[in-house]
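Encoded as C-alpha coordinates, the structure appears first; notes follow it.
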Amino acid sequence: MKHLPKHIRPHWRYLAVGLEAWPDADIDRRSFQRSIWFAAQNLLGDAGSADADLTVFSFDFEDGDGEALVRVRRGHTDEARAVLACIDDVHGDSVGVFVRGISGTVRGCEEKYLGRQREVSGERSVVFADETRPAITRDGALDIQVDDSFVGATELDFE
(Lines give C-alpha, C1' and ligand atoms only; values in the text may rest on other atoms or scores of the structure.)
Protein backbone atom coordinates (compact mmCIF):
# COMPACT_ATOMS: atom_id res chain seq x y z
CA MET A 1 0.00 0.00 0.00
CA LYS A 2 1.37 3.41 -0.94
CA HIS A 3 1.70 6.29 1.48
CA LEU A 4 -0.57 9.28 1.12
CA PRO A 5 0.94 12.41 -0.42
CA LYS A 6 2.17 14.92 2.15
CA HIS A 7 -0.60 17.42 1.45
CA ILE A 8 -3.31 14.80 2.19
CA ARG A 9 -1.81 13.33 5.38
CA PRO A 10 -3.29 14.48 8.69
CA HIS A 11 -1.37 17.21 10.50
CA TRP A 12 -0.91 16.95 14.26
CA ARG A 13 -0.23 19.19 17.23
CA TYR A 14 1.19 17.91 20.50
CA LEU A 15 0.04 19.18 23.90
CA ALA A 16 2.36 18.92 26.88
CA VAL A 17 0.08 18.15 29.82
CA GLY A 18 0.96 18.30 33.52
CA LEU A 19 -0.86 16.12 36.06
CA GLU A 20 -1.19 16.63 39.83
CA ALA A 21 -2.93 14.26 42.22
CA TRP A 22 -2.63 12.90 45.75
CA PRO A 23 0.52 10.83 46.34
CA ASP A 24 -1.47 7.59 46.70
CA ALA A 25 -3.31 8.06 43.38
CA ASP A 26 -3.02 5.16 40.95
CA ILE A 27 -3.26 6.64 37.47
CA ASP A 28 -2.01 4.86 34.38
CA ARG A 29 -1.96 5.68 30.68
CA ARG A 30 -5.01 3.63 29.83
CA SER A 31 -7.25 5.18 32.48
CA PHE A 32 -6.08 8.70 31.52
CA GLN A 33 -6.85 7.97 27.85
CA ARG A 34 -10.34 6.73 28.77
CA SER A 35 -10.97 9.92 30.79
CA ILE A 36 -9.93 12.04 27.80
CA TRP A 37 -12.24 10.14 25.44
CA PHE A 38 -15.15 10.36 27.90
CA ALA A 39 -14.64 14.13 28.42
CA ALA A 40 -14.29 14.71 24.66
CA GLN A 41 -17.47 12.81 23.90
CA ASN A 42 -19.41 14.71 26.57
CA LEU A 43 -18.09 18.13 25.50
CA LEU A 44 -17.73 17.80 21.71
CA GLY A 45 -20.11 14.97 20.87
CA ASP A 46 -19.29 11.91 18.82
CA ALA A 47 -18.45 13.73 15.59
CA GLY A 48 -16.42 16.46 17.32
CA SER A 49 -14.38 14.03 19.40
CA ALA A 50 -13.67 11.94 16.30
CA ASP A 51 -12.49 15.06 14.45
CA ALA A 52 -10.19 16.14 17.28
CA ASP A 53 -8.81 12.57 17.64
CA LEU A 54 -7.19 13.09 21.06
CA THR A 55 -4.63 10.38 21.77
CA VAL A 56 -2.18 9.98 24.67
CA PHE A 57 1.18 9.75 22.94
CA SER A 58 3.37 9.33 26.03
CA PHE A 59 2.57 9.16 29.74
CA ASP A 60 4.54 9.26 32.99
CA PHE A 61 2.97 9.42 36.47
CA GLU A 62 4.56 8.71 39.82
CA ASP A 63 3.95 9.79 43.44
CA GLY A 64 1.14 12.20 42.60
CA ASP A 65 3.03 14.08 39.88
CA GLY A 66 3.12 13.33 36.20
CA GLU A 67 3.13 14.48 32.63
CA ALA A 68 1.66 13.35 29.36
CA LEU A 69 1.98 14.16 25.68
CA VAL A 70 -1.42 14.32 23.97
CA ARG A 71 -1.73 14.29 20.17
CA VAL A 72 -4.56 16.25 18.53
CA ARG A 73 -5.40 17.18 14.94
CA ARG A 74 -4.25 20.60 13.81
CA GLY A 75 -7.06 23.13 14.12
CA HIS A 76 -8.60 21.41 17.15
CA THR A 77 -6.18 22.58 19.85
CA ASP A 78 -8.71 24.91 21.49
CA GLU A 79 -11.22 22.08 21.77
CA ALA A 80 -8.50 19.79 23.14
CA ARG A 81 -7.59 22.34 25.82
CA ALA A 82 -11.26 22.59 26.79
CA VAL A 83 -11.57 18.80 26.98
CA LEU A 84 -8.51 18.54 29.22
CA ALA A 85 -9.91 21.30 31.46
CA CYS A 86 -13.04 19.19 31.97
CA ILE A 87 -11.11 16.28 33.50
CA ASP A 88 -11.26 16.34 37.31
CA ASP A 89 -10.81 12.68 38.13
CA VAL A 90 -9.20 9.65 36.54
CA HIS A 91 -10.39 6.19 37.57
CA GLY A 92 -11.83 7.57 40.83
CA ASP A 93 -8.74 9.59 41.81
CA SER A 94 -8.98 13.40 41.90
CA VAL A 95 -6.53 14.95 39.49
CA GLY A 96 -5.52 18.40 38.29
CA VAL A 97 -4.78 18.61 34.58
CA PHE A 98 -3.11 21.63 32.96
CA VAL A 99 -1.62 22.30 29.53
CA ARG A 100 2.01 23.43 29.67
CA GLY A 101 2.28 24.20 25.98
CA ILE A 102 1.58 23.18 22.38
CA SER A 103 4.06 22.23 19.68
CA GLY A 104 4.02 20.91 16.13
CA THR A 105 6.55 18.13 16.79
CA VAL A 106 7.04 15.54 19.52
CA ARG A 107 10.68 16.49 19.99
CA GLY A 108 9.92 20.20 20.25
CA CYS A 109 7.17 19.58 22.78
CA GLU A 110 9.36 17.32 24.93
CA GLU A 111 12.34 19.69 24.90
CA LYS A 112 10.44 22.93 25.41
CA TYR A 113 7.64 21.99 27.80
CA LEU A 114 8.42 18.63 29.40
CA GLY A 115 12.07 19.32 30.26
CA ARG A 116 13.48 16.38 28.33
CA GLN A 117 16.70 17.79 26.96
CA ARG A 118 18.19 16.48 23.79
CA GLU A 119 21.33 14.46 24.38
CA VAL A 120 24.38 16.55 23.60
CA SER A 121 27.19 14.61 22.00
CA GLY A 122 30.55 15.46 20.55
CA GLU A 123 33.66 13.87 19.17
CA ARG A 124 37.23 13.88 20.42
CA SER A 125 40.38 11.77 20.30
CA VAL A 126 41.57 9.78 23.30
CA VAL A 127 44.51 7.50 24.01
CA PHE A 128 43.25 3.99 24.67
CA ALA A 129 45.35 0.79 24.61
CA ASP A 130 48.44 2.88 23.71
CA GLU A 131 46.83 4.26 20.55
CA THR A 132 44.97 7.47 19.72
CA ARG A 133 41.39 6.57 18.88
CA PRO A 134 38.21 8.51 18.05
CA ALA A 135 35.60 8.74 20.81
CA ILE A 136 32.05 10.03 21.02
CA THR A 137 31.19 11.93 24.22
CA ARG A 138 27.69 12.04 25.72
CA ASP A 139 26.95 13.52 29.14
CA GLY A 140 30.26 12.46 30.70
CA ALA A 141 30.35 9.04 29.02
CA LEU A 142 32.76 8.10 26.24
CA ASP A 143 32.27 5.50 23.52
CA ILE A 144 35.72 4.69 22.18
CA GLN A 145 35.93 3.15 18.73
CA VAL A 146 38.10 0.03 18.68
CA ASP A 147 38.18 -1.59 15.24
CA ASP A 148 34.50 -2.23 14.34
CA SER A 149 33.05 -1.93 17.85
CA PHE A 150 32.93 0.48 20.77
CA VAL A 151 34.23 0.38 24.33
CA GLY A 152 32.41 2.35 27.04
CA ALA A 153 34.30 4.59 29.47
CA THR A 154 33.79 7.70 31.59
CA GLU A 155 35.74 10.94 31.98
CA LEU A 156 37.17 9.56 35.23
CA ASP A 157 38.93 6.78 33.31
CA PHE A 158 41.08 9.40 31.54
CA GLU A 159 42.10 11.64 34.43
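Determine the calculated [θ] at 222 nm for the chain from helices alone, applying -39500 (n - 2.57) to every DSSP H run no shorter than 4 residues and normalising by the residue count; nearest 500 deg cm²/dmol.
-8500 deg cm²/dmol
Please give the per residue volume of the convex hull enclosing the alpha carbon atoms of the chain, rounded to a whole number of Å³.
Per-residue hull volume (Cα only) is 186 Å³.
So if the hydrodynamic radius of the range 57-105 is defined as the Kirkwood radius over C-alpha pairs, what does Stokes-Einstein give as its diffusion coefficient at 25 °C and 0.890 mPa s, in µm² per second?
My calculation gives 204 µm²/s for D.
Pick from W12, W22, W37: which is most flexible by mean-square fluctuation in a GNM of the chain where alpha carbon atoms under 10 Å apart are linked?
Maximum fluctuation in the GNM of the chain, among the listed residues, is at W22.
To two decimal places, what compactness ratio does the range 1-52 give when its Cα radius of gyration is scaled by 2.2 N^0.38 Å?
Compared with the compact-globule rule of thumb, the range 1-52 sits at 1.60.
Could you check how much of the accessible area of the chain is carbon and sulfur, as a whole percent, using a 1.4 Å probe?
46
Report the extension gain between R81 and R124 in nm, rounded to one decimal, defined as 0.36 nm multiplied by the number of residues separating them, less their alpha carbon distance. Show your work: numbers first, answer last.
Numbers: separation 43, 0.36 × 43 = 15.48 nm, distance 4.59 nm.
Value of the extension gain: 10.9 nm.
Over the chain, with the other protein chains present, what is the accessible area per residue in square angstrom, probe 1.4 angstrom?
For the chain, the solvent-accessible area averages 66 Å² per residue.
Please return the longest range in the chain lying between exposed loop sites, taking trypsin sites (Lys or Arg not before Pro), DSSP loop only, at most 12 other beta-carbon atoms within 10 Å, and leaving the sites out.
7-73
Assuming 0.36 nm per residue, please report the length gained on full extension of the stretch F38 to T154 beyond their Cα-Cα distance.
Working: separation 116, 0.36 × 116 = 41.76 nm, distance 4.91 nm.
Contour length minus Cα-Cα distance gives 36.8 nm.
What is the sum of charges around E79, taking Lys and Arg as +1, Asp and Glu as -1, for the other residues whose C-beta is under 13 Å from the C-beta of E79? Intermediate results must be reported in sequence, preceding the final value.
On the way: positive: R13, R73, R74, R81; negative: D51, D53, D78.
That sum, taken over residues with Cβ under 13 Å, equals +1.
The values are calculated or read from the model by the stated rules, or taken from the named source; none is laboratory data. Everything numeric in this text was worked out from a predicted model, so none of it was measured. Here the Cβ is made from the backbone with ideal geometry for all residues, glycine too, and neighbour counts use every protein chain on show. Surface accessibility is based on the protein's heavy atoms, side chains included, excluding ligands, DNA and RNA. Shrake-Rupley method; radii C 1.70, N 1.55, O 1.52, S 1.80 Å.
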